[in-house]
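What follows draws every value from the coordinates through simple rules; no lab data is involved. Predicted model only: the values in this text are computed from it and were never measured. Please note: Cβ atoms are built from the backbone with ideal geometry, for glycine as well, and neighbour counts cover all protein chains shown.
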Amino acid sequence: RWVLLPMELASGTLREWLSVHGGKAKHLEQGLALLRQAVAGLEVLHAVGLVHRDVKPENLLLVADESLSETNDLRVKVADFGLASGLEKLASSRPELVGDGIGTPAYMAPEQVLAAHWKDVTPAADAYAIGTILFELLDGELPYSGTAEQVREKKRDRRLAPRTPPGPQHLTELSLALLRADGKERRVLREVGPRLVAITESEQAAWECALRGDSEAAYVEFL
């Protein structure tokens, strides 16, 4: 009883992209564009009452699309909804447990590790995963080192103190805000997408003002 789904041929995953470009400032703009697409896809999922629960670079497929801009000709496809749909069905048979943290430890929110019921894992868990991917984009590495079980233990015990990644301040602050241990303190994804830009509107306005002044004093003021 196979069900066959015709799909575009993905040219790779965000994991492959990050392994080459993560932590490199010159590729930040494209990385942010890809992450904005992922966030938009997850927003649609959340709007219909689903939580992905396993957002990670391996599950963000990249499909070549020439209709996009020259700086980013890749379209993101959010894939692998096994935990989104599977746990919904589990609720009718085993509603009390989701196991010892179903998901991928490096990207799981602390409450996802501790959850006793599938309903305890809310869209805030997907926001945590996006914060982790943003950290990788800025730093080139994950917020926490160690084995999968060591990372799981840190999150179970709430021993979470990620270092500040390099990069524009508004992005480093956003990443750390999404990585907060308490899901209620994280930004919701609809607030995240517009902030995933290399420079803010105020910084752009200040830069344009400096260009108009075209003097040492104007550039010092911008800095």
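Here is how the numbers come out for the structure above:
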{"item": "About the Cα centre, charge dipole magnitude for the chain (Lys/Arg +1, Asp/Glu -1 at Cβ), debye", "result": "920 debye"}
{"item": "Inter-label distance, nm, simple model (7 Å from Cα along the C-beta direction), S202/A161", "result": "2.9 nm"}
{"item": "Label point at A218 placed 7 Å out along Cα→Cβ; residues across segment 193-211 whose backbone nitrogen lies under 14 Å", "result": "205-211"}
{"item": "Taking the convex hull of Cα positions in the chain, its mean projected area over all directions (nm²)", "result": "15.0 nm²"}
{"item": "Whether segment 111-187 is rounded, prolate or oblate, judged on the alpha carbon gyration tensor where a/c under 1.5 counts as rounded", "result": "oblate"}
{"item": "Linear extension gain, V48 paired with K26, 0.36 nm per residue minus alpha-carbon span", "result": "4.3 nm"}
{"item": "Helical mean residue ellipticity (222 nm; -39500 (n - 2.57) per DSSP H run of 4+; nearest 500) of the chain", "result": "-14000 deg cm²/dmol"}
{"item": "Mean separation of Cα contacts under 8 Å (6+ apart) over length of the chain, as relative contact order %", "result": "22 percent"}
{"item": "Label-point separation in nm, L211 to R190, each point 7 Å along Cα→Cβ", "result": "3.4 nm"}
{"item": "Reachable lysines, given that their alpha-carbon falls under 18 Å from the alpha-carbon of K155 and they are not under 8 places away in the same chain", "result": "K56, K184"}
{"item": "Amide H partners (placed H, <5 Å) of G12, local residues excluded", "result": "L62"}
{"item": "Protection proxy ranking, peptides 4-12, 156-164, 172-180, 44-52, average beta carbon neighbours within 10 Å, highest first", "result": "172-180, 44-52, 156-164, 4-12"}
{"item": "For segment 171-176, 3J(HN,Hα) per residue [Karplus equation, 6.51 cos²θ - 1.76 cosθ + 1.60, θ = phi - 60°, Hz, x = Gly/Pro]", "result": "7, 5, 5, 5, 4, 5"}
{"item": "A181 paired with V3, simple spin-label distance in nm, labels 7 Å along Cα-to-beta-carbon", "result": "4.1 nm"}
{"item": "Phi-based couplings in Hz for segment 127-132 (Karplus 6.51, -1.76, 1.60; Gly and Pro marked x)", "result": "5, 4, 5, 5, x, 5"}
